[in-house]
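> Please find one structure pasted underneath; my questions will follow.
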Amino acid sequence: MQRVFSGIQPTGIPHLGNYLGAIRSWVTLQETYDSFYCLVDLHSITMPWEPEKLRQQTLVTAACLLACGLNPDRLYNQSAVSTHARLGWIFNCVSRLGWLNRMTQFKDKAGKNRENHSAGLYVYPNLMAADILAFHATHVPVGDDQRQHIELANDIAQKFNHDMGVEFFPQIQGLIPPHAARVMNLRDGQKKMSKSDPSEQSRIILTDKEDDITLKIKRAKTDSEPLPGEVEGLKDRHEARNLITIYASLSDKTPEAVLQEFGGNGFGQFKKALTDLLIEKIVPIAQETERLLSHEDHIISLLRKGAETASTVSEPIVSEAERLVGFLR
Ligand code: AQP
């Protein structure tokens, strides 16, 4: 059976972008792939963090993922499994500075102030490659923003194999959803929806209640034109395109079909339908998350068990990588 690996940073409460770009397909893929899903807490300290907040966010993220239907036996937090950091260090020494310099996510996150960011943020993609390859995973369901990191992981795997004269690490394939692979910010359709955006109105989160969803969609930025009848009419209308994409993805329709239904009208009727659809899909997840969070100890014990399984599977792979590198055992 082929193996899937993917992760999410516990940097906040998972949002609609995380859900449509990644989590929803994780749930489906665990039926057909041997799957591991990880709360990548090592990654989440690459940006400034507060320890108590990190602990809370790790619990909430775990609860959201379980509420979405992830298998509790295969969910764990990254820092509890040492193979990630061990292989990550080896990959820091395999990956090239020139490769990392091309990573757009580092440029986006560091902005103009790159000298002041952590070295961890810079080598983030090396650790991400280690996360996946420590399991010999071949398929990685992620949003579109991770495409470049998957390519880098393949470059690292290839260079390791070449330098050690082996065929040890497999090539990996990103599984990127055809629609909503990049859900955009509700207040600015040119920015990706993100946990760390300062405006809570910019995202629908998986713990939102009916009233939150209603208000956020009411306030979501639009323009003054009616919705077009065809997808080409959405060109340069970033906010309108984003809302149509969200509706299409949540209702498993194509954007064309959605525009056939709503095209020619203003945003009022469409926003009402989008709000109803979001309430139908998100509120049950929020309710289950709240229920799970009233048993924190249970979540912690599930994560510990998941970490044991993840260690059992990744330890022989990473030990062999260490032996190939020449570490004395
Ligand atoms: N806006 C998005 N649209 C579609 N997919 C998205 N993903 C993230 N944002 C969107 C996908 O969700 C998975 C988990 O992402 P992550 O938490 O590891 O990191 P991120 O991509 O940096 O997400 P955020 O929300 O923007 O977090 P912060 O603000 O902390 O940086 C990934 O598969 C990602 O592609």
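> Using a Gaussian network for the chain with springs between C-alpha atoms less than 10 Å apart, which of these wobbles most: 68, 93, 38?
For the chain, modelled as a Gaussian network with Cα springs under 10 Å, the answer is 93.
> Another question, then. Using a Förster distance of 25 angstrom, determine the FRET efficiency expected from the C-beta separation of residue 238 and residue 295, and round it to 0.05.
Taking R0 as 25 Å, the efficiency between residue 238 and residue 295 is 0.05.
> Leaving out ligands, DNA and RNA, what percent of the accessible area of the chain is carbon and sulfur, probe 1.4 Å?
51
> Using heavy-atom solvent-accessible surface (probe 1.4 Å) with all chains present, what is the largest-first order of 42, 277?
The most accessible residue leads, giving 42, 277.
> Right, here's the next one. Once you have a ≥ b ≥ c as the square roots of the Cα gyration tensor eigenvalues for the chain, tell me rounded if a/c is under 1.5, and otherwise prolate or oblate according to whether a/b is larger than b/c.
Prolate shape, in that a/c is at least 1.5 and a/b is the bigger ratio.
> Note down the accessible area of residue 215, probe 1.4 Å, to the nearest 10 Å².
70
> Ok, one more. How large is ³J(HN,Hα), in whole Hz, for each residue of segment 313-329 in order, when computed from phi with the Karplus curve 6.51 cos²θ - 1.76 cosθ + 1.60 and θ = phi - 60°, using x for Gly and Pro?
Each residue's phi maps through the Karplus curve to give 7, 8, 4, x, 5, 6, 4, 5, 4, 5, 5, 4, 5, x, 6, 6, 10 Hz.
> Oh, and also: How many Å² of accessible area per residue for segment 5-77, probe 1.4 Å?
Computed with neighbouring chains in place, this is 35 Å² per residue.
> Between segment 51-94 and segment 3-17, what's the alpha-carbon centroid distance in Å?
9
> Past 23 Å, Cα to Cα, is the threshold; run 112/195; 107/191; 112/216; 112/218; 192/281; 192/235 against it and keep the listed order.
Flagged as over cut-off: 112/216; 112/218.
> Here's something else I'd like to know. I want to verify a result. In a Gaussian network model of the chain, Cα cutoff 10 Å, which of these has the top mean-square fluctuation: 258, 123, 40?
Answer for the Gaussian network model of the chain: 258.
> What FRET efficiency would be calculated for the residue pair residue 210, residue 265, taking the C-beta separation as r and a Förster radius of 35 Å, to the nearest 0.05?
0.90
> Okay, moving on. Once you've got the GNM for the chain with C-alpha springs shorter than 10 Å, pick whichever of 190, 287, 269 has the biggest mean-square fluctuation.
269
> Could you compute the net charge surrounding residue 263? Neighbours are other residues with a C-beta less than 15 Å from the C-beta of residue 263; K and R count +1, D and E count -1.
So the environment of residue 263 carries a net charge of -1.
> Shape call for segment 207-291 from the C-alpha gyration tensor, a ≥ b ≥ c root eigenvalues: rounded (a/c under 1.5), prolate (a/b greater than b/c) or oblate?
Here segment 207-291 falls in the prolate category.
The values are calculated or read from the model by the stated rules, or taken from the named source; none is laboratory data. Not measured: the values here are computed from a predicted model. Ideal geometry is used to build each Cβ from the backbone, glycine not excepted, and the neighbour counts take in all protein chains shown. These accessible areas exclude ligands, DNA and RNA; they are computed on the full protein's heavy atoms, side chains included. Shrake-Rupley method; radii C 1.70, N 1.55, O 1.52, S 1.80 Å.
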